[in-house]
1. Under 6 Å between Cβ atoms, which residue pairs at least 6 apart in sequence (or on different chains) link something in region 55-82 that is free of Cβ contacts under 8 Å to residues at least 60 places away in the same chain with a partner that is acidic (Asp, Glu)?
2. Cβ contacts < 6 Å: first residue touching a residue at least 40 places away in the same chain (Cβ under 8 Å), restricted to region 122-138; second residue among the polar types (S, T, N, Q) and not in a strand (DSSP E or B), any location; separation 6+ or different chain. Result?
3. Among the residues of region 130-175, what is the count of those that are more than 12 Å from the chain's Cα centre (by Cα), modelled with pLDDT of 95 or more and of a type in the set (D, E, K, R)?
4. Given GLU86, GLU49, which one is under 16 Å from THR139 (Cα atoms), of a type in the set (Asp, Glu) and in contact (Cβ under 8 Å) with a residue 40 or more places away in the chain?
5. Being surrounded by 14 or more Cβ atoms within 10 Å (Cβ to Cβ), assigned to a helix (DSSP H, G or I) and touching a Pro at 6+ places or on another chain (Cβ under 9 Å), is that true of even one residue in region 109-129?
6. Yes or no: region 5-26 includes at least one residue that is among the charged types (D, E, K, R), out of contact with any Gly (no Cβ under 6 Å at 6 or more places or on another chain), free of Cβ contacts under 8 Å to residues at least 12 places away in the same chain and not in a loop (DSSP other than H, G, I, E, B).
7. Failed condition for ALA88, given (1) closer than 26 Å to SER124 by Cβ; (2) in contact with a helix residue (DSSP H, G or I) (Cβ under 7 Å, 6 or more places away or on another chain); (3) assigned to a loop (DSSP other than H, G, I, E, B), with all others met?
8. Restricting to region 1-59, and then to whatever is out of contact with any helix residue (DSSP H, G or I) (no Cβ under 6 Å at 6 or more places or on another chain) and of a type in the set (Val, Ile, Thr), can you tell me which residue is modelled with the lowest pLDDT?
Amino acid sequence: MAARPSTTPGDTAGAGRTTLLRTGGGAGPGWGAYALLYATRPADGGLTEAVIGYCAPDADLLDPAWGLHEQRPYGPAGAARRPLGEYAAAANPPRGRGESPGAYAQRLALFLLRIAAASRLVPSPRITDLPWASWTLATDQHVHLTPDPDHPGRGWASQHQVRVGRLLTLKPKQP
């Protein structure tokens with residue numbers, strides 16, 4: 001069964017643990033850095049959805065204290081202005097003849113999910129983990145992942161869906 005890509009119009013909102021990181025590069029010349037938000041939330045049917053929001057690392061909605069606007073010695077210069085889906089497509093091989101549109105959408109969604117989920121698995125002073133924040137994003141893509149054949153029912157990295165969108169608001173809980 002192939003992934004079911006869809007473009008879900010409208011804004012999506014959520015709140016909870018939120019991880020922020022700066023990423024980019026590997027897609028060729030002309031690509032700047034992205035600030036990524038990674039969060040998870042419950043989805044229908046007891047499933048879990050990964051939410052990946054993006055914006056330019058110098059966006060006004062990001063606190064400069066998080067340091068996402070600072071160029072890293074090993075990362076891309078400047079700020080990306082193109083949609084994150086275009087970055088994923090540029091950083092991956094093109095869709096093959098035998099690959100369905102759904103399988104291709106899932107491959108790109110999993111590429112972004114691996115980047116985002118790694119931010120929680122590998123501690124780094126360059127990653128900002130907010131115990132609670134509310135956020136809103138404009139959905140670019142919503143992919144329902146096919147089950148992992150080795151772990152039926154668990155999804156990929158315990159995620160069953162991936163929602164990618166442009167970050168509109170981010171409000172951390174004040175201590």
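The values are calculated or read from the model by the stated rules, or taken from the named source; none is laboratory data. All figures in this text were calculated on a predicted structure; none of them were measured in a lab. Please note: Cβ atoms are built from the backbone with ideal geometry, for glycine as well, and neighbour counts cover all protein chains shown.
1. HIS69/ASP58; ALA79/ASP58
2. As it stands, the answer is ILE127/SER119, since those pairs meet every condition given.
3. 1
4. The unique qualifying residue is GLU49.
5. yes
6. Looking for residues that are among the charged types (D, E, K, R), out of contact with any Gly (no Cβ under 6 Å at 6 or more places or on another chain), free of Cβ contacts under 8 Å to residues at least 12 places away in the same chain and not in a loop (DSSP other than H, G, I, E, B), one finds none in region 5-26, hence no.
7. (3)
8. THR7
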